[in-house]
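Input: a single structure, listed below in structure tokens.
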Amino acid sequence: MRPKFIVGGIVIAAALAYMIYAGVTQSAVYFVTPAELRASAVAGKAYRLGGLVVPGSLTWEPRTLDLRFTLGDGTATVAVHHKGTPPDLFGEGRGAVVEGTWSADGYFRAGLILAKHSEEYKAPHDASAAGYRELIRTLQGAGR
Amino acid sequence: MKDPQRALGWLAAIGLAAGLVVAFGIAPREATQGNVQRIMYLHVPAILVAYLAFGVVLVASTTYLWRRAAGADRLAHASAEVGVIFTAINIATGSIWGKPTWGTWWTWDARLTSVSIMFVIYLAYLLLRAMLEDREQAARFAAVLGIVAALDIPLVHFSVYWWRTLHQPPTVLRPGSIPMDATFVAALTINLAAFALLYGYFVAKRVRLLKREQEVLA
């Protein structure tokens, strides 16, 4: 094979690899953390915010569909307001990514709630008992 | 059996049937996600076999440029076709899995974006092959693209480590132990084996067909 063909191929490959890497790195900060948002929040600007739903912060009003919770990253927290039903895996102590805007009143107005789950998969330890407890809990009207 | 290809086909069929039985009948319901987690037995084998398929494209393309063996070119062509199908299955099942768990069918995070790029690159590879009339030229150009395209495979896999994503890190292809109960691992392994057999069967069939095609046209 001609060396010029090999050299050309390597140059193209390296350029393509660099372009993909640089492009994705610069434009793909998929979400900002609460600390990053606090540092440079602009009211009315659209953000994607990711963090952990702080345990004890979640309230949901079934009649008005008002969902309120706090997202934290260990250093800072941001209050989030949303109107609607969250996805099944959304809950306290779990990861979530929300899309919306920063409000001048000091909270994040989310239009979309996404639940982030872990890479761990577990079998229910005692399937029947766990399922029964879950059923009782939902029948009693305890929120998710 | 006289025909090894037919034997491979039957093995794949038996594997897929066994895979369905373990995925729906034996593997337990996952604790947090519930039954929807069973999509994993289709979603994960599909992408792992797609990685395998595109790895074969890389090796066969290199072999073609080096030795100019028509067989290597046919193998690369067949493997790319099957890899594209498995990537499509992975993307479709991922989308269906995403809706009930994440709350969305699609989002442009680094994992979903990079896997889409991979899908489009290998579609372009097939398009390039179909466009060029001269078979020798098509094989040469496709081989170069088949090597360059492989750059996206590590990008897809490591995207969840390199960037913030909605998609979780890998469960199977990772350093250390698999954070999953043994029954899940067993069910996944059976389905992965079945998919690998199916891949082998499709590729063998397609390589033979391409050879006949070229004999007729020659």
Kindly indicate the residue of the stretch A:89-130 that is modelled with pLDDT under 85 and farther than 18 Å from residue B:169 by Cα and also least open to solvent (accessible area, probe 1.4 Å) among those meeting that condition. A:123
Mind listing just one residue for me: the one in the stretch B:1-37 that is surrounded by fewer than 19 Cβ atoms within 10 Å (Cβ to Cβ) and among the charged types (D, E, K, R) and, of those, nearest to residue B:205 (Cα to Cα)? B:6
Being among the hydrophobic types (A, V, I, L, M, F, W, C), more than 8 Å from chain A (Cβ to nearest Cβ) and farther than 25 Å from residue A:14 by Cα is true for just one of B:112, B:132, B:145. Which residue is that? B:132
Run residue A:11 past the list (1) farther than 30 Å from residue B:148 by Cα; (2) within 13 Å of chain B (Cβ to nearest Cβ) and report the number of the one that doesn't hold. (1)
Looking only at the stretch A:38-71, count how many residues are out of contact with any Lys or Arg (no Cβ under 9 Å at 6 or more places or on another chain) and either within 11 Å of residue A:98 (Cβ to Cβ) or among the hydroxyl-bearing types (Ser, Thr, Tyr) (or both). 8
Quick check on my filter: what residues within the stretch A:57-98 are touching a Gly at 6+ places or on another chain (Cβ under 6 Å) and in a strand (DSSP E or B)? A:60, A:71, A:72, A:97
Residue among A:9, A:44, A:23, A:74 that alone is surrounded by 13 or more Cβ atoms within 10 Å (Cβ to Cβ) and modelled with pLDDT under 90: A:9
List the residue pairs whose Cβ atoms are under 7 Å apart, where the first residue sits in the stretch A:25-38 and is within 13 Å of another protein chain (Cβ to nearest Cβ), the second is at pLDDT below 85 and open to solvent by less than 30 Å² (accessible area, probe 1.4 Å), and the two are 6 or more positions apart or on different chains. A:28/B:163; A:30/B:163
Here is a list of conditions, (1) open to solvent by 40 Å² or more (accessible area, probe 1.4 Å); (2) not in a helix (DSSP H, G or I), and residue B:161 meets all of them except one; can you say which number that is? (2)
What residue, among those in the stretch B:146-158 that are free of Cβ contacts under 8 Å to residues at least 24 places away in the same chain and closer than 30 Å to residue B:186 by Cβ, is surrounded by the most Cβ atoms within 10 Å (Cβ to Cβ)? B:158
Just to be sure before I move on: is residue B:106 within 23 Å of residue A:117 (Cβ to Cβ) and without any contact (Cβ under 8 Å) to a residue 12 or more places away in the chain in the structure I sent? yes
Residue check: is residue B:74 of a type in the set (D, E, K, R) and either within 13 Å of another protein chain (Cβ to nearest Cβ) or crowded, with 23+ Cβ neighbours inside 10 Å (or both)? no
Give me a count of the residues in the stretch A:82-115 that are over 27 Å from residue B:33 (Cβ atoms) and hydrophobic (A, V, I, L, M, F, W, C). 2
In the stretch B:108-145, which residues are basic (Lys, Arg) and surrounded by fewer than 18 Cβ atoms within 10 Å (Cβ to Cβ)? B:135
Does the stretch B:163-191 hold any residues that are touching a residue at least 40 places away in the same chain (Cβ under 8 Å) and more than 8 Å from chain A (Cβ to nearest Cβ), and which are they? B:167, B:172, B:173, B:186, B:187, B:188, B:190, B:191
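The values are calculated or read from the model by the stated rules, or taken from the named source; none is laboratory data. As the structure is a prediction and not an experimental result, all values here were calculated from the model. Counting neighbours? That spans all protein chains shown, and the Cβs are built from the backbone with ideal geometry, glycine included. Note: accessible area is taken over every heavy atom of the protein model, side chains too, but ligands, DNA and RNA are not part of it. Shrake-Rupley method; radii C 1.70, N 1.55, O 1.52, S 1.80 Å.
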